[in-house]
Amino acid sequence: MTASVAPKALGIDDWAYKMGDRYGTALVNLEKHQIIKLLPDREANTIKNWLINNSGVEIITRDRYSNYAKGATEGCSEAIQVADRLHILQNLSGALKKILQRNYKLYKQVFERTRKV
């Protein structure tokens, strides 16, 4: 198989054949905002092989799914891997929620005291 040139910035995310049952992987050209390939599964080897056969990727955005990390690392070790915006915001909101829940009583006391002033 002849290698082709992939986009410099590649997004990797899953898509559902049937939600909760069977998933594939969508590869997105982030420079053109276009899906360039739908892979049949979420296996690390599938991603790895696609990257090996499609050179030129410099940046990979993905979620924290271990198969995506493994496939990206093995298929294109020189690419920078970053979390995509959705997952950064989900992680940030989850961390903030934990902090607020852990300190709820203190925040409530401060709020009540400042309301009385």
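From the list LYS32, LYS105, LYS97, pick out the single residue that is assigned to a loop (DSSP other than H, G, I, E, B) and farther than 12 Å from ASP13 by Cα.
So the residue among LYS32, LYS105, LYS97 that is assigned to a loop (DSSP other than H, G, I, E, B) and farther than 12 Å from ASP13 by Cα is LYS32.
Of all residues in region 70-82 being more than 16 Å from THR25 (Cα to Cα) and hydrophobic (A, V, I, L, M, F, W, C), which is nearest to the chain's Cα centre (by Cα)?
The residue in question is VAL82.
Only one of (1) crowded, with 17+ Cβ neighbours inside 10 Å; (2) not in a helix (DSSP H, G or I) fails for ALA72. Which number is that?
The number of the failed condition is (2).
Identify, from the list ASN91, ASN67, ASN29, the residue that is within 16 Å of the chain's Cα centre (by Cα), surrounded by 11 or more Cβ atoms within 10 Å (Cβ to Cβ) and modelled with pLDDT under 90.
ASN91
Of the residues GLY20, GLY24, only one is exposed (fewer than 11 other Cβ atoms within 10 Å of the Cβ) and either of a type outside the set (Asp, Glu) or within 16 Å of the chain's Cα centre (by Cα) (or both); which?
On the way: GLY24 fails: exposed (fewer than 11 other Cβ atoms within 10 Å of the Cβ).
Step by step, each of GLY20, GLY24 is checked, and only GLY20 is exposed (fewer than 11 other Cβ atoms within 10 Å of the Cβ) and either of a type outside the set (Asp, Glu) or within 16 Å of the chain's Cα centre (by Cα) (or both).
Is it the case that some residue within region 75-88 is at pLDDT 95 or above, under 15 Å from TRP15 (Cβ atoms) and either surrounded by fewer than 16 Cβ atoms within 10 Å (Cβ to Cβ) or not hydroxyl-bearing (Ser, Thr, Tyr) (or both)?
There is no residue in region 75-88 that is at pLDDT 95 or above, under 15 Å from TRP15 (Cβ atoms) and either surrounded by fewer than 16 Cβ atoms within 10 Å (Cβ to Cβ) or not hydroxyl-bearing (Ser, Thr, Tyr) (or both).
Among the residues of region 6-29, how many are over 15 Å from LEU51 (Cα atoms) and of a type outside the set (Ser, Thr, Tyr)?
Qualifying residue count for the region: 9.
On the given criteria, is THR25 part of a strand (DSSP E or B) and of a type in the set (Ser, Thr, Tyr)?
Criteria met by THR25.
Scan (1) of a type outside the set (Asp, Glu); (2) on the phi < 0 side of the Ramachandran plot; (3) touching a strand residue (DSSP E or B) at 6+ places or on another chain (Cβ under 6 Å) for the single condition ILE47 breaks and write down its number.
Unmet for ILE47, out of (1) of a type outside the set (Asp, Glu); (2) on the phi < 0 side of the Ramachandran plot; (3) touching a strand residue (DSSP E or B) at 6+ places or on another chain (Cβ under 6 Å): (3).
The values are calculated or read from the model by the stated rules, or taken from the named source; none is laboratory data. For clarity, every value in this text was computed on a predicted model and none was experimentally measured. With ideal geometry, Cβ positions are generated from the backbone for all residues, glycine too; neighbour counts draw on all protein chains shown.
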